[in-house]
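*Asks:* The structure's right below; bear with me while I get my questions together.
The values are calculated or read from the model by the stated rules, or taken from the named source; none is laboratory data. Quick caveat, the model's predicted, so the values are computed rather than measured. Positions of Cβ are backbone-derived with ideal geometry, glycine not excepted, and every protein chain shown enters the neighbour counts.
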């Protein structure tokens, strides 16, 4: 293709000449700055420039880019203002559980057992809490900073904004806010109740926060006398704006929630708690109206809803925010069930069945996570994914048997097009990605 | 190092650089063009920083390596091949320390083991300002360059070196607790250039004293001497340039049975922001470990502050300039204690315990025995057996108070190993000596 003379742009990058078109570099052809007869001199590395130019032309990073550390490419792209283009060229394809491989394991430098993780919802970046520290990794999973908080064991970590973390620990009172790059402590929020003297030094068991909104964040506080409640905290002032869902903590149905999800479109907060004892699992799921603080729906197991599956209470549950559905995994049978949030009732559960695969073991110690319209269930035998095909759910394993040997999945979070998971007693966080590379192995 | 170029929103917003400020460099036939501003990051003394704008110079060097060097100057990101770049840095007279990434205590990882030849165990370590590492084993000193890719070994007359200090890029002070005098070893020539001796009674021709510790300030070299019969000790201050003795402080002599009076200092640390010398020594007697910590004003020769350590005496002690405090590990409790240098207290109650303080005292166990403590920048590092823990400060919003928090270092695979006997710091590195080992262990912050 022959291109017009006047749309051509010449650069002299560190002594090497480049010629391209204004269409490639994305500027208006009449732009004065690039419309020089003389090449425009840029004092940067020519090889990195050539790689970025190639990325701009084809939206693909040439394989020779592996000569440079990712960080050098990213910094260079930031310098030229083309970081979003590089990001889209380097980002993994849409995440599919049926086509996912272990891309890498992120290992913090010290104290590498993760205690909480918080991925960026869009860019696939990751924050890991480990040993009182928070390490942050950018969209290319390059380590960007590690900070130390005053907490020794962070058990809840959520993003308040792209730079501020909300952290809580069951060992230490309060909900705390830290800036993730500088490590400065922004402030703390505590639960106080002048009418109840038992409420003091309350700690946080779960946090829900959706980034890029003005919605309050929600946190479950538990006082030393097991009283607990959900607090709504204003993002800007870090002040408590509402509290609801107060429970006595006297039984497993009154225990503080360990999972908290905000559904901003429905104005609801999903809270669930599960405990396992000698007689199996027991727990509850509740939906609270975030504005009025009224309980909209609840189910307590065992008992409560009774229904068809009495005695097979849930081991874990998660809510799919986009789809408006709650999924649970049963501890005895290992079955997965779905409840449509539009028609919740006494027994709203529809059990997912796949005739192809049988449950090998129960759902004891399962971890369930909804991500990208798929349901991921980590069990002792491995990581399974339920994907939808023409309104039907089909079950597949994401991992190989060798992967499951590394340990039971203790936490799982999706972000960007990546699934992050940590395992019992395993250092680091596994990153699973879909890939269009065949991964061909040389046979000779 | 901060990112040197302001991130631009796009190429079009770059101000065009007038061609007169462009520096052209022909490296073995390949043309490189850059600006005086980029070249100025190579440091004032470098050949590249001196190149005038608009000039064209020729260098007969490898163009691929020059390209890496220039990329490093432009972006400040550490290069992937520092050991290849070292000869280039020497050629262009650029400070090799520039190449090392910034010290990040939270990303320190056990990354390199440097083997020592021969049969002697590693006995003392020192780091030099240029980023190189010196390791003493037996009477030998092995020097590793700043990229840790090359080494050089010299022989000294000392039987086993146990005090080592880098005086300048090429000069090392070495001492031993069973051999007299501080020996100044010139590394390039491999010769002892000078010996610094002290004798308590010069007129009596008493034998010269052995060396218990060596320290330095920007102006002085300090040596803690003890007479061979252990009856007298002193800290002698030498001029760092001429090595002439300037003054003698902390002279102690034993008359009778008062042992505590003459404990020689086994640790000498200069506290730059207060212009004081910290000298600490301890002694194991029938009533347990006792010691003392003193802060000396070198100019007046007087001690500004001192504390006798009788209850939970220090196993090791260090000042931390950045935090304006002295830190110690208690030998009985094993806890880390801190004392603010701005409001020094007296006695055991002046120490503030950083841990929960629940460890039992006086149960006969010596939890802190053999622990080492060192400070670097804003952190305090404590070794316990084969492990290192790091104390870092977290400033809390509101009251503005700072809390010291303990961090374990390394991953599970790094745990264990022989007891750590010394930790030294330099550049982006922590260098560790373990008991009965034949190698130097290096922890680096990698980016």
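*Asks:* Run down B:85, B:77, B:65, B:98 and say which single residue is touching a helix residue (DSSP H, G or I) at 6+ places or on another chain (Cβ under 8 Å), closer than 22 Å to residue B:26 by Cα and either modelled with pLDDT under 90 or within 13 Å of chain A (Cβ to nearest Cβ) (or both).
*Replies:* B:85
*Asks:* Out of B:215, B:190, I need the residue that is closer than 18 Å to residue B:120 by Cβ, touching a strand residue (DSSP E or B) at 6+ places or on another chain (Cβ under 8 Å) and in the same structural domain as residue B:134 (by TED's automatic domain parsing). Which one?
*Replies:* Every option except B:190 fails the conditions.
*Asks:* Taking the stretch B:164-181, which residues are crowded, with 20+ Cβ neighbours inside 10 Å, more than 19 Å from the chain's Cα centre (by Cα) and farther than 15 Å from residue B:194 by Cβ?
*Replies:* B:179
*Asks:* Every residue in the stretch A:242-257 that is farther than 13 Å from residue A:232 by Cα and assigned to a strand (DSSP E or B), please. Talk me through it step by step, then tell me what you get.
*Replies:* Initially, the stretch A:242-257 is screened for residues farther than 13 Å from residue A:232 by Cα, giving A:247-257.
Residue satisfying the conditions is A:247 alone.
*Asks:* So how many residues does the stretch B:26-35 have that are more than 14 Å from residue B:71 (Cα to Cα) and in contact with a helix residue (DSSP H, G or I) (Cβ under 8 Å, 6 or more places away or on another chain)?
*Replies:* The number of residues fulfilling the criteria is 4.
*Asks:* Please enumerate the residues belonging to the stretch A:174-199 that are more than 10 Å from chain B (Cβ to nearest Cβ), within 28 Å of residue A:225 (Cα to Cα) and surrounded by fewer than 20 Cβ atoms within 10 Å (Cβ to Cβ).
*Replies:* A:190, A:192, A:193, A:194, A:195, A:196, A:197, A:198
*Asks:* Related question: Hey, does the stretch B:149-171 have a residue that's at pLDDT below 95 and either in contact with a helix residue (DSSP H, G or I) (Cβ under 9 Å, 6 or more places away or on another chain) or not assigned by TED's automatic domain parsing to the domain that holds residue B:422 (or both)?
*Replies:* Among the residues of the stretch B:149-171, at least one is at pLDDT below 95 and either in contact with a helix residue (DSSP H, G or I) (Cβ under 9 Å, 6 or more places away or on another chain) or not assigned by TED's automatic domain parsing to the domain that holds residue B:422 (or both), which makes the answer yes.
*Asks:* If I go through the stretch B:222-233 residue by residue, how many of them are crowded, with 23+ Cβ neighbours inside 10 Å and either touching a helix residue (DSSP H, G or I) at 6+ places or on another chain (Cβ under 8 Å) or within 18 Å of residue B:267 (Cβ to Cβ) (or both)? Even if it seems obvious, please write down each step before you answer.
*Replies:* Taking the stretch B:222-233 and keeping what is crowded, with 23+ Cβ neighbours inside 10 Å, we get B:222-227, B:233.
Restricting the remaining residues to those that are either touching a helix residue (DSSP H, G or I) at 6+ places or on another chain (Cβ under 8 Å) or within 18 Å of residue B:267 (Cβ to Cβ) (or both) gives B:222-226, B:233.
Here the count works out to 6.
*Asks:* Here's a follow-up. For residue B:315, which of the numbered conditions (1) assigned to a strand (DSSP E or B); (2) in contact with a helix residue (DSSP H, G or I) (Cβ under 6 Å, 6 or more places away or on another chain) fails to hold?
*Replies:* Failed condition: (2).
This table checks each residue for (1) in the same structural domain as residue A:268 (by TED's automatic domain parsing); (2) under 18 Å from residue A:273 (Cβ atoms); (3) out of contact with any strand residue (DSSP E or B) (no Cβ under 8 Å at 6 or more places or on another chain); (4) assigned to a strand (DSSP E or B).
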{"site": "A:153", "(1), (2), (3), (4)": "yes, no, no, no"}
{"site": "A:157", "(1), (2), (3), (4)": "yes, no, no, yes"}
{"site": "A:161", "(1), (2), (3), (4)": "yes, no, yes, no"}
{"site": "A:173", "(1), (2), (3), (4)": "yes, no, no, yes"}
{"site": "A:178", "(1), (2), (3), (4)": "yes, no, no, yes"}
{"site": "A:191", "(1), (2), (3), (4)": "yes, yes, no, no"}
{"site": "A:211", "(1), (2), (3), (4)": "yes, no, no, no"}
{"site": "A:232", "(1), (2), (3), (4)": "yes, no, no, yes"}
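*Asks:* Scan (1) crowded, with 22+ Cβ neighbours inside 10 Å; (2) more than 8 Å from chain B (Cβ to nearest Cβ) for the single condition residue A:79 breaks and write down its number.
*Replies:* Result: residue A:79 passes all but (2).
*Asks:* Could you list, in sequence order, all residues of the stretch B:18-46 that are surrounded by fewer than 16 Cβ atoms within 10 Å (Cβ to Cβ), part of a loop (DSSP other than H, G, I, E, B) and either within 12 Å of chain A (Cβ to nearest Cβ) or at pLDDT 90 or above (or both)?
*Replies:* Listed by number, the residues that qualify are B:18, B:28, B:29.
*Asks:* Check whether at least one residue in the stretch A:127-137 is in contact with a helix residue (DSSP H, G or I) (Cβ under 8 Å, 6 or more places away or on another chain) and either surrounded by fewer than 16 Cβ atoms within 10 Å (Cβ to Cβ) or over 18 Å from residue B:109 (Cβ atoms) (or both), and report yes or no.
*Replies:* No, there is no match, as no residue in the stretch A:127-137 is in contact with a helix residue (DSSP H, G or I) (Cβ under 8 Å, 6 or more places away or on another chain) and either surrounded by fewer than 16 Cβ atoms within 10 Å (Cβ to Cβ) or over 18 Å from residue B:109 (Cβ atoms) (or both).
*Asks:* Which of the numbered conditions does residue A:71 fail, given that it passes all the others? Conditions: (1) in contact (Cβ under 8 Å) with a residue 60 or more places away in the chain; (2) outside any loop (DSSP other than H, G, I, E, B); (3) crowded, with 20+ Cβ neighbours inside 10 Å.
*Replies:* For residue A:71, the failing item is (3).
*Asks:* Test of understanding: among A:51, A:40, which residue is at pLDDT below 90 and in the same structural domain as residue A:85 (by TED's automatic domain parsing)? Give the derivation first.
*Replies:* On the way: A:51 fails: at pLDDT below 90.
None of the others qualify; the one that does is A:40.
*Asks:* Determine if the stretch B:376-391 includes at least one residue that is touching a strand residue (DSSP E or B) at 6+ places or on another chain (Cβ under 6 Å), at pLDDT below 90 and surrounded by 20 or more Cβ atoms within 10 Å (Cβ to Cβ).
*Replies:* No - not one qualifying residue is present in the stretch B:376-391.
*Asks:* A follow-up question, please. What number of residues in the stretch A:82-110 are closer than 20 Å to residue A:124 by Cα and either assigned to a strand (DSSP E or B) or at the interface with chain B (Cβ under 10 Å from one of its Cβ atoms) (or both)?
*Replies:* Residues flagged as closer than 20 Å to residue A:124 by Cα and either assigned to a strand (DSSP E or B) or at the interface with chain B (Cβ under 10 Å from one of its Cβ atoms) (or both) within the stretch A:82-110 amount to 10.
*Asks:* If you don't mind, there's one more thing I want to ask. Return the total of residues in the stretch B:47-62 being within 13 Å of chain A (Cβ to nearest Cβ), part of a loop (DSSP other than H, G, I, E, B) and surrounded by 14 or more Cβ atoms within 10 Å (Cβ to Cβ).
*Replies:* Number of matching residues: 1.
*Asks:* Applying the selection to the stretch A:111-126, what residues are within 12 Å of chain B (Cβ to nearest Cβ) and surrounded by fewer than 20 Cβ atoms within 10 Å (Cβ to Cβ)?
*Replies:* Correct list: A:113 only.
*Asks:* I'd like to verify a number: residues in the stretch B:182-206 that are free of Cβ contacts under 8 Å to residues at least 40 places away in the same chain and surrounded by fewer than 21 Cβ atoms within 10 Å (Cβ to Cβ), how many?
*Replies:* The qualifying residues number 16.
*Asks:* Continuing with the same structure: If you scan the stretch B:233-256, which residues turn out to be part of a loop (DSSP other than H, G, I, E, B) and at negative phi?
*Replies:* Residues satisfying the conditions are B:240, B:241, B:242, B:244, B:254, B:255.
*Asks:* For the stretch B:389-439, which strands (runs of 3 or more DSSP E) that fit wholly inside it have 1 or more residues that are more than 14 Å from every other protein chain (Cβ to nearest Cβ) and within 16 Å of residue B:121 (Cβ to Cβ)?
*Replies:* Filter on the stretch B:389-439 gives B:420-426, B:429-434.
*Asks:* List pairs: first residue in the stretch A:375-403 and not assigned by TED's automatic domain parsing to the domain that holds residue A:431, second residue surrounded by fewer than 19 Cβ atoms within 10 Å (Cβ to Cβ) and in a strand (DSSP E or B) anywhere in the structure, Cβ distance under 8 angstrom, at least six positions apart or on different chains.
*Replies:* Listed pairs, sorted by first residue: none to list.
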